Amino acid sequence: MEKITMAHGSGGKSGAELMARIFGKHFKNEILDKMEDAAVLEINGRIAFSTDTFVVTPTIFEGGDIGKLCICGTVNDLLMMGAVPKYLTCGFVLEEGLDVELLDKIVESMAATAKKAGVTIVAGDTKVVEGHGGLFINTTGIGIIPEGRDISASNCKTGDKLILSGTLGDHHACILSARMNVENNIKSDCAVLAPICNALFDGGIEVRTMRDVTRGGLGTILNEIARSSSVHINLEEESIPVSDEVSGFCGIMGLDPLYMGNEGKMIIVVPGEKAEKALELVRGTEEGKNAAIIGTVTEEKKASVTMTTRLGGSRIVDVLYGEGLPRIC
Amino acid sequence: MKDIKEITAYLRAYDGPEIKLMEVCGTHTAAIFKNGIRSLISPKIRLISGPGCPVCVTPTAFIDKILEYAHMENHIVCSFGDMLKVPGTNGSISSLKGEGIHVMMMYSPFDVIDAATENPDKTYVVAAVGFETTAPTYALALEEAESRGLKNIRLVTALKTIIPALEWICESEESINGFICPGHVSTIIGSEVYKDLALKYKKPFVVAGFEAEHLLTVIYDIVRQIEAGGSRVDNLYTNAVRDTGNAKAQAIIDKFFTPGPAMWRGLGIIPGSGLYLRPEYAKYEGGSAGLNADMELPASCRCGEVIVGRINPNECPMFGTGCKPESPYGPCMVSAEGACGIWYRNR
């Protein structure tokens, strides 16, 4: 089995061969193929610009792999600003001993996901470090924001409704299960969220805020939104979708889906009167078929998040404190 | 049994003398918080969070001992994730992790057995913390280590048992009217073991599970007992807890461990509340005895009073100022399930 060695990162012949064989094969496009020191892009108007680094173990998991994840992560961040994702760069840090076949598989998965998301990978870099055969990937992306779109965490107003695009906790539970050798059917929800965003914009919904529900979980992200908009948000516990399997897993592990990471879920805030229409549009997509209206922006006094529990009790929903859990993205 | 609506209505309308109930288990504290139980019942029924989890009452000396091993060559310290942020004298495991100490996060003590088998030149030091629920898994792992003839495993134990702690609380705080007994621990020790306490201190002890409706039913049961002057032990978690507990688990605990005094942060040394390796298993002993020294809590820390419910967390002068979840002193702030931690997040 062929392995990555320090020579692959030296900039010499082995490195060039590897680039041609793996990256050249999967990432072929006009801009990258010029092999200049930098990509030259024509862009007009406002852009969204974001970066994220991916260190997940295991690198291949149920429902995805680090390649798919590193495209979804950055593309989703651009989408959440209302942008149309266009270009990505990727930086690889490969550990010595990495299986070349595995790398090929991951790069192939990146290319497939990028194609699906409509983004072009226009620049890249590879370094090799000592280690145990792992890899880390950084992706940076640019998206173009169409005229007239104003999406921001600070836009929420009293009476707005919150739509969650699907079940919570799947990615987190999937990764933890894999690490703990727990056998179950939980799959990562890793997905590009473009179909949901497009459905909303094409349907003429005035979207106030969008956020993908990643690290820190829904609880943390809603607190950030509440603070940015200086509003109070109340959730209905009963309406928050969690799959039976994830719910059972969380019960055993002492985890709360409200604080678990997802890689293909988003929260959408829309004016109250548009909520039903927006929900219908989101549910019309594969990625958002389990969407639900989970809460309301209730007053603009104290920035906080509460929840009406299943029994009609009330509790505060705070941010995640401390370490959180092992690396999952 | 009444239906949940009637039960909730009764508890909400309760207007008798103030009732203090202690839930001893951190998982109950979390469930009460998560389901907003306090908001559903009369403010005259106070729910007090007891010593919580075994992790947060672990004294500094134990963490220091573990860290000493973590710095030693060819030694790997194995710990559950929740031990990572408990403070030692010079920091927590998590704060020192970046400095190259040797730590393996375990999901089960059996992870350690496998690692120790694969790497016979390394010594694996297990930070064995837990109540009766966790103790059997350490014992089973040792049994496996025995059968594989492993010589490179050590246990530093801070295992604790719940009955001596409850006795200590009953002795030191009269004002608690009843106890919500831990669900998981009781699956091992059973419900009958609370009878002596109920008889001696004339208070109800009710074994409880974790579902919202169930917890309300448990609180209702205790409140009605108190109103009627009762002091029964009721096991309401019958689908998981037998009256006599789990005999197999008890036997394996007994095979490997023997009781001894143990230090509880914020409470002090409670006789007979710790579990230590029996002398015949001394070869696995990593130096657990006498790890009693605890960090000097600031004079204004009133942790001990919070734990027994004498004061509310926000009445402690350090609450939210010197003592926060990010920089905790007392056990009730260290643990996310501790009373202070919960109050802090609800402040």
For the stretch A:161-316, using Cα atoms only, the Rg and Dmax in Å read 15.3, 47
Inverse mean reciprocal Cα-Cα distance (Kirkwood Rh) of the stretch A:135-186, Å: 15.9 Å
Once A:E245, B:E213 are ranked on solvent-accessible area with the largest value leading and a 1.4 Å probe, the list reads A:E245, B:E213
Comparing each residue of the stretch B:90-123 in the complete protein assembly with the chain by itself (heavy atoms, probe 1.4 Å, ligands and nucleic acids ignored), those losing at least 40 Å² of accessible area are B:Y107
If ligands, DNA and RNA are left out, what is the accessible area of B:L47 with a 1.4 Å probe, given in Å² to the nearest 10? 20 Å²
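Based on DSSP, what percent of beta bridges with both residues in the stretch A:6-144 are antiparallel, to the nearest 5? Before the final figure, lay out each step's value.
Numbers: 20 of 29 bridges.
In the stretch A:6-144, DSSP labels about 70 percent of beta bridges as antiparallel.
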Can you compute the helix-only [θ] at 222 nm over the protein assembly as shown? Use -39500 (n - 2.57) per DSSP H run of at least 4 residues, normalise by all residues, nearest 500 deg cm²/dmol. -9500 deg cm²/dmol
Show which lysines lie in cross-link reach of B:K248 when reach means a straight Cα distance below 25 angstrom and same-chain residues fewer than eight apart are skipped. B:K160, B:K195, B:K283
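Thinking of the protein assembly as shown as a set of Cα atoms, what percent of all their pairs are more than 32 Å apart? Don't skip to the answer; put the middle values down first.
Working: 130556 of 228150 pairs.
Summing the P(r) of the protein assembly as shown above 32 Å gives 57 percent of all pairs.
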Relative contact order (%) - criterion: Cα under 8 Å, at least six apart; region: the stretch B:121-275: 26 percent
For chain B, the spread of Cα positions along each principal axis, largest first, Å: 65, 46, 31
Given a 1.4 angstrom probe, what's the average accessible area per residue across chain B, in square angstrom? 40 Å²
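Could you check how much of the accessible area of the protein assembly as shown is carbon and sulfur, as a whole percent, using a 1.4 Å probe? Before the final figure, lay out the partial values.
Details: 14630 of 28720 Å².
Carbon and sulfur atoms account for 51 percent of the accessible area of the protein assembly as shown.
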Checked the stretch A:6-144 with the C-alpha gyration tensor, a ≥ b ≥ c its square-rooted eigenvalues, rounded below a/c of 1.5, otherwise prolate if a/b is larger than b/c and oblate if not; verdict oblate
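Relative contact order for the stretch A:79-177: what percent, with Cα pairs under 8 Å and sequence separation of 6 or more? Mind showing how you got there, number by number?
Working: 120 pairs, mean separation 43.0, N = 99.
Reported relative contact order: 43 percent.
Regarding the stretch B:152-277, what's the average projected area of the Cα-atom convex hull, expressed in nm²? Intermediate values should be presented prior to the final figure.
Values: hull surface 35.9 nm².
Mean projected area of the Cα convex hull: 9.0 nm².
Nearest 5 percent is fine: what portion of the DSSP beta bridges confined to the stretch A:161-316 is antiparallel? The partial results should precede the final answer.
Working: 19 of 24 bridges.
Rounded to the nearest five, the antiparallel share is 80 percent.
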Give the relative contact order (percent, whole number) for chain A; include only Cα pairs under 8 Å separated by 6+ residues. 22 percent
For a quick check of understanding: with a 1.4 angstrom probe and all protein chains in place, what accessible area in square angstrom does A:S154 have, to the nearest ten? 60 Å²
Note on the stretch B:17-45: residues buried by at least 30 Å² of accessible area once partner chains are added (vs chain on its own, 1.4 Å probe) come out as B:F33, B:K34, B:N35, B:S39, B:L40
Rounded to the nearest 5, the percent of antiparallel DSSP beta bridges in the protein assembly as shown equals 55 percent
When B and A pair up, the total accessible heavy-atom area removed from solvent (1.4 Å probe), in Å² to nearest 100, is 1600 Å²
Could you compute the FRET efficiency for A:T57 and B:T258, with r as their C-beta to C-beta distance and R0 at 45 Å, rounded to 0.05? 0.65
Report the trypsin sites (Lys or Arg not before Pro) located in the stretch B:21-80 that are in a DSSP loop and have at most 16 other Cβ atoms inside 10 Å of their Cβ, or state none. B:K44
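With r defined as the distance between the Cβ atoms of A:E299 and B:N312 and R0 fixed at 22 Å, what FRET efficiency is calculated, to the nearest 0.05?
Values: r = 27 Å, r/R0 = 1.24.
After rounding to 0.05, the efficiency reads 0.20.
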Just to be sure I follow the rule: in the stretch A:161-316, considering lysines 8 or more places apart or on different chains, how many pairs have Cα atoms under 24 Å apart? 14
Largest-first ranking of A:D52, A:D33, B:D15 by accessible area, probe 1.4 Å, whole protein assembly kept, is B:D15, A:D33, A:D52
How many Å² of accessible area per residue for chain A, probe 1.4 Å? 45 Å²
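More than 11 angstrom separation, counting every C-alpha pair in the stretch B:36-75; what % is that?
Numbers: 580 of 780 pairs.
Pairs farther apart than 11 Å: 74 percent.
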Hull volume in cubic angstrom per residue (convex hull over the Cα atoms of chain A): 136 Å³
Expressed as a whole number, the average count of other chain Cβ atoms within 10 Å around the Cβ atoms of A:177-187 is 1
Could you give each residue of the stretch A:271-279 its phi-based ³J(HN,Hα) in whole Hz, using Karplus coefficients 6.51, -1.76, 1.60 with θ = phi - 60°, and x for Gly or Pro? x, x, 6, 9, 4, 5, 4, 4, 4
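The values are calculated or read from the model by the stated rules, or taken from the named source; none is laboratory data. Source: prediction; values computed, not measured. Don't worry about glycine lacking a Cβ; one is built from the backbone with ideal geometry, like all the others, and counts go over all protein chains shown. Remember, those area values only see protein heavy atoms, side chains included, never the ligands or the DNA or RNA. Shrake-Rupley method; radii C 1.70, N 1.55, O 1.52, S 1.80 Å.
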